[in-house]
Amino acid sequence: GQSEVNGERRQNITPTNQPIPTAEYTIEITSSGFSPSNLEIRAGDKVAWINRDSKPHWPASAIHPTHNVYPGSDIAKCGTAEEPNIFDACHGLAQGESWSFTFSQVGSWNYHDHLVVRNTGRIVVGWN
C-alpha cells in the first residue's frame, strides 16, 4: 500500500519469499548438431535437450572427454549419487529421448556431444 508522511508518498514494499520465476528451454539435437547451439538464460532456468536424430547423442559440459568445465561436473560422477547434479546426460539419448539440466552457475558454459564431438554449443547463464 501507499502512505503519506510529511507530504511524501511512500511505497511500502513487503519482501516475499516467492521464488524468482524460472524458464524452461528446449534444444533439439539433429544429425547436424544442436538447435539452437547458443542460448542465453538466467540462473535457475532449465534446459532440455531432445534427440530428434535416429542416432544416439550425449550432451555434456566441455571439455571432451572429462566434462569437468561446469563447476562440479565430471564424467567420473556418472553412475554415482552426484549424477543428477552434473551437466552431463551420462549416456547417449535415444531418438525422442530428452535430458534436462538446471543451471545454477552464472557464466558462459560450452558443451558438446560426447558421441559426435564436432557438435558443440554454449549456454550463457546470467543473473536473475
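Which three extents, in whole angstrom, do the alpha-carbon atoms of the chain cover along their principal axes, largest first?
70, 28, 21 Å, listed from the longest principal axis down.
Name all residues of the stretch 29-48 having a backbone nitrogen under 20 Å from the label point set 7 Å from the Cα of Val124 along its Cα→Cβ direction, giving them as ranges.
Flagged as within label range: 34-48.
Can you give the extra length, in nm with one decimal, that the chain gains between Lys46 and His64 once fully stretched, where that is 0.36 nm per residue apart less the Cα-Cα distance? It would help to have the intermediate numbers written out before the result.
Numbers: separation 18, 0.36 × 18 = 6.48 nm, distance 2.25 nm.
Here the segment from Lys46 to His64 would lengthen by 4.2 nm.
First check a/c for the stretch 50-120, with a ≥ b ≥ c the square roots of the eigenvalues of its C-alpha gyration tensor; if it is under 1.5, answer rounded, and if not, answer prolate when a/b is larger than b/c or oblate otherwise. Each step should come with its number before you reach the end.
Details: a/c = 1.62, a/b = 1.41, b/c = 1.15.
Prolate is the answer for the stretch 50-120, as a/c is 1.5 or above and a/b outweighs b/c.
Computed from the coordinates by the stated procedures, all read-outs in this text should not be read as laboratory data. Bear in mind that the values here come from a model prediction, so they are computed numbers and not experimental data. We place every Cβ from the backbone using ideal geometry, glycine too, and count neighbours over all the protein chains shown.
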